[in-house]
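A.B. asks: Below is the structure I would like to discuss, written out as structure tokens.
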Amino acid sequence: MPTFTLPKTYDFATTEQRLYRWWEENGWFKPENSRNPDGKPFVISIPPPNVTGVLHQGHALTMALEDLMIRYYRMKGRAALWVPGTDHAGIATQLQIERKLGAEGTSRQEIGRERFLQEAWAWKEKYHGRITEQVRRLGASCDWDRERFTMDEGLSRAVNEAFVRLYRMGLIYRGEYIVNWSPGLQTAVSDVEVEYSDEQGTLYYFKYPIAGHSLDEGPGKGYIPVATTRPETILGDTAVAVHPDDERYRHLIGKTCLVPMLNRPIPIIHDTYVDREFGTGALKITPGHDSHDFEIGQRHGLSIINIMNKDATLNREAGAYAGMDRFAARKKLWADMVAADMVIKEEPYQMQVPRAQRGGEIIEPLVSMQWWLNTDGMAQLGLAAVRSGRIKIVPEHFTKVYYHWLKNLRHWCLSRQLWWGHRIPVWYGPEGEVFVAHDAAEAQAMAAKHYGHAVALEQDPDVLDTWFSSGLWPFSTLGWPDNTPDLQRYYPTDVMETGYDILFFWVSKMIMSGLMYTNNIPFHTVYLHGLVRDELGRKMSKTYGNVVDPIEIMDNFGTDALRFTLLTGSTPGNDMNLSMDRIRANRNFANKIWNATRFVLGHLPDDFQFSGAPDPHQLDLPDQWILHRLNRIIETATRLIDSYQFGEAGRQVYEFLWGEFADWTIEAAKPRLQGDHPGPVHQTLVYVLDQTLRLLHPFIPFVTEELWQHLPHVKDEAPALIIAAWPEANPAYDAPAAAASFERLRETVHAIRNARSEYNVDPGRKIAAFINAGAHTQVFQTQPAVLATLARLDPARLVFGPAPSGEKGVTLVVGDISIFLPLGGMVDVEAELTRLRKQLAETEKRLHGAEARLANENFVGKAPAQVVEQARQTLADLHAQRTNLEEQIAALR
């Protein structure tokens, strides 16, 4: 026997770190060191995780999917490049630092902008390594020499270049519009940073006085009944709207209402947006504090009144309520309206409350002066790229979602009232003149030319929305705006893999930006994954206490187990439930592969030389079958991966290795390895194992690499599985007839195993069998040792021919094959009869009880229908069980 160095068990903890370091030190993550450095590139830009973030299951799924693609195409001979990086995450990072400062007894306002930014960069340097190290833990084969950060020097230059270009094209402007306002952070936030919470609120019904009339005159004459969920915004109303076809209110159109408690006159207008069935059918219009109302206001030329300060207290427009917090003002205003007999009623109302993703405070719609990007033309470019087929979205049904969003795209609010981020490249002169430039020096030069002399300039204090820099990610990370060698070779990239929840917020912006700045698509395929939920299907949340930490899973079960669970449990665009039982099962799968490899290596002779591929002319039936099946699984896995059905590809290879190679091929090899000519069996076992490890490597890279390193290889083989060739089906191993014969042999074994189980034959007992194989007789006669081993038959009593007459036994039929198992050789007949008769008596007793229960009219008439139906099903099962037992007893007599 050879010197056997493979340990008995797989120690993933030490193996994973050692292998990752070895891969990286050898440069195998770089496209320049791939199997074919000059080959066609395959490029993925990593969705950059927040620089101060921690790994969660969504990250883990992203990294597993992208690493699978990178490893697959690397093995396929493509120059695979996976560009890593992190995002500065403006709001998230600033909030962390503000909390830190608060804990230290200070604030950003107190220490000032310059000192705050120093704190932010220090924070970034401290925590940047945490998230990247966690990405490495997942086996991500990124080219770390090309790592980027959204605020590094090169990407910051790209951001300024993009802004300046758009401004000079007349697409960026400054103006007032409704934004999502975070009173705590005192900044506008994007839609993706707002989470809607289903909460119990109140619908407040009140009387909107009609000028010149008394409330006592009633609805439709003295007042219009109106309902709102935010009474404090009444103070900012500039109209009341009704539907033009609403008979209740048509006669009031053009008249005047008075804002409650302020007595400010406002018009009654008509607009088809009004839902006649909601509330009272009349709608208060507050253009300064509701996005729909803002649009109605624009259509009707209404004034915009902002009643709120940046901290969500009310301003002087609120009259006597100025200075009050918005919710305190709500209570006070409603109490005053009650006293003034303006209240009709209150009723509970289930509503979607917008809350800040960071911090949880209620977001306030607010009109604010911001920088905006006119995206109309860019949206048309984005729509055309997908409609024409240049960009494909997987799964396809999200294409409709993409179209809907871009067709209804509003102008993009670019500015954020933060300090951490890309500061807007706009400078203001002494008279408010605007200078948009790439840097301060260029702005100074522009100002000097404008004024005729040097002047002091002040840069806009706001920063850009994080999604602006993220939208440039696929090409800015490759060197744009410079025409770098990387940009020339690796752009456009190939696949953008990310969560379906940011298809609009990020993916669409990358598509529009790529087309705008590079005149090319940024990638040809968008692959969308779903959310990772707990095993009950609930969203993972600290509130539920069901957050499953990927680091903890990797510590306890290994990275491969987590990866394989995520990859085989997910399908494009659908949420998946993460089951700890599946993780344990996939940890066991790694152990199964390990043990199968130990068996193969343990049976190789000292002088074994791997030929690279078994000689098809020297193959026995089991070898012909497994090599034929290997061809099919190679074709299937390749086709499925190419069509982005990664989970199904993994499941198919899993079934092949466990259900066909380990359970059948290895078992069938055992008697033949003891024979006179084991050489072809050795070659087949090593070859199939080698090819299967290659198929599994993109899914579970660590255990496959470790085992592959222990396999014998041909002289010119790659030094590592990570850069070895992806398998290809070998036509020489296509043997459909031989495979069909072995399948019939497997069916025969299954039938015998089932009979053994049914008759409780001791697993160690070898039994007699008469097999009349018909047309398969010649093939079966070449495999007595395999049949005997797999079915636990006694070789001396294995007969290929008809059953003897007059002997009691069990007859099995498999297609055109009949099998006779003599009972005397299987069981102690008297003992088995005693057991079966006892079981029959127990069944009869239960059956009579079930019949009596169903004969009871009181039970049938009063019990719930499902209980009665269950009782009937139990009775039917007992009848079937009795029949089965009677047949077994008859066969033994």
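The values are calculated or read from the model by the stated rules, or taken from the named source; none is laboratory data. Here the structure is a predicted model, which is why all the values come from computation and not from measurement. Methodologically, a virtual Cβ is constructed for each residue, glycine included, from the backbone with ideal geometry; neighbour enumeration extends over all protein chains shown. Only protein heavy atoms, including side chains, enter the accessible area calculation; ligands, DNA and RNA are left aside. Shrake-Rupley method; radii C 1.70, N 1.55, O 1.52, S 1.80 Å.
A.B. asks: Quote the charge dipole size of the chain about the Cα centre in Debye, to the nearest 20; the model charges only the Cβ of Lys and Arg (+1) and of Asp and Glu (-1).
C.D. replies: Once rounded to the nearest 20, the dipole reads 760 debye.
A.B. asks: Still on this structure, please answer the following. Could you work out how far apart the two model spin labels at Tyr205 and Glu125 are, taking each label as a point 7 Å from the Cα in the direction of the beta carbon, and quote it in nm?
C.D. replies: About 6.4 nm, to one decimal.
A.B. asks: Along the range 182-188, what does the Karplus equation 6.51 cos²θ - 1.76 cosθ + 1.60 (θ = phi - 60°) give for ³J(HN,Hα), rounded to whole Hz, x for Gly and Pro?
C.D. replies: 9, x, x, 7, 6, 8, 6
A.B. asks: Given H placed 1.01 Å from N in the peptide plane, which residues other than close sequence neighbours of Asn574 have an amide H under 5 Å from its amide H?
C.D. replies: Gly530
A.B. asks: Using a simple charge model, +1 on the beta-carbon of Lys and Arg, -1 on the beta-carbon of Asp and Glu, nothing else, what dipole does the range 189-259 show about its Cα centre, in debye to the nearest 20?
C.D. replies: 580 debye
A.B. asks: Also, I was wondering about something else. Over the chain, with the other protein chains present, what is the accessible area per residue in square angstrom, probe 1.4 angstrom?
C.D. replies: That works out to 43 Å² per residue.
A.B. asks: Sticking with this one: Within the accessible area of the range 219-293, what % is carbon and sulfur when the probe is 1.4 Å and the other protein chains stay in place?
C.D. replies: Summing carbon and sulfur atoms, their accessible area is 49 percent of the total for the range 219-293.
A.B. asks: Ok, one more. Taking amide H positions as placed in the peptide plane 1.01 Å from N, state which residues far from Arg148 in sequence (5 or more) or on other chains have amide H under 5 Å from it.
C.D. replies: Gly85, Thr86
A.B. asks: Put +1 on the Cβ of each Lys and Arg and -1 on the Cβ of each Asp and Glu in the range 7-137; which of Leu95, Leu68, Tyr20 then has its Cα farthest toward the positive end of the dipole?
C.D. replies: Leu68
A.B. asks: Which pairs in the list Lys40/Lys392; Lys255/Lys331; Lys8/Lys670; Lys284/Lys345 are over 23 Å apart, alpha-carbon to alpha-carbon?
C.D. replies: Lys255/Lys331
A.B. asks: Right, another one. Within the range 259-301, list the trypsin sites (Lys or Arg not before Pro) lying in a DSSP loop whose Cβ has at most 12 other Cβ atoms in a 10 Å radius.
C.D. replies: Sparse-neighbourhood loop trypsin sites (Lys or Arg not before Pro): none present.
A.B. asks: Moving on to the next point. Jot down the radius of gyration and Dmax of the chain, Cα atoms only, both in angstrom.
C.D. replies: My reading of the Cα-based Rg and Dmax gives 36.8, 120 Å.
A.B. asks: Please list, ordered by chain and number, the residues whose modelled amide H lies under 5 Å from the amide H of Ala80; skip anything fewer than 5 residues away on the same chain.
C.D. replies: Phe42
A.B. asks: Compare the peptides 342-351, 651-660 by average per-residue count of other Cβ atoms within 10 angstrom and give them in order, highest first.
C.D. replies: By packing density, highest mean first, the sequence is 651-660, 342-351.
A.B. asks: Let me ask another. Considering only DSSP beta bridges where both residues belong to the chain, give the percentage that are antiparallel (nearest 5).
C.D. replies: Taking every DSSP beta bridge with both residues in the chain, the antiparallel ones total about 70 percent.
A.B. asks: Just how large is the dipole of the range 93-213 about the Cα centre, in debye to the nearest 20, putting +1 at every Lys and Arg Cβ and -1 at every Asp and Glu Cβ?
C.D. replies: For this selection, approximately 220 debye.
A.B. asks: Turning to a different aspect of this structure: Under 4 °C and 1.567 mPa s, how fast does the range 195-261 diffuse according to Stokes-Einstein, given a Kirkwood radius computed over C-alpha pairs? Answer in µm²/s, whole number.
C.D. replies: 98 µm²/s
A.B. asks: A further question on this structure: Where in the range 780-811 is the amide nitrogen less than 16 Å from a point lying 7 Å along the Cα-to-Cβ axis of Asn754?
C.D. replies: Counting backbone N atoms under 16 Å from the label point, the list is 791, 810-811.
A.B. asks: Next question, about the same structure. Label-point separation (nm) for Glu458 and Ser541, each offset 7 Å from Cα along Cα-to-Cβ?
C.D. replies: The two pseudo-label positions are separated by 4.4 nm.
A.B. asks: State the answer as a single residue: which of Gln870, Gln839, His776 lies farthest towards the positive end of the charge dipole of the range 748-893, with beta carbon charges of +1 for Lys and Arg and -1 for Asp and Glu, about the Cα centre.
C.D. replies: Among Gln870, Gln839, His776, the one farthest towards the positive end of the dipole of the range 748-893 is Gln839.
A.B. asks: Sticking with this structure for a sec: Which value in deg cm²/dmol, rounded to the nearest 500, describes the helix-derived mean residue ellipticity at 222 nm for the chain, given -39,500 (n - 2.57) per DSSP H run of n ≥ 4 and division by the residue count?
C.D. replies: The helix contribution divided over the chain gives -13500 deg cm²/dmol.
A.B. asks: Which listed residue (Met308, Gln618, Phe800) has the Cα farthest towards the positive end of the charge dipole for the chain, taking +1 on Lys and Arg C-beta and -1 on Asp and Glu C-beta about the Cα centre?
C.D. replies: The listed residue farthest towards the positive side: Phe800.
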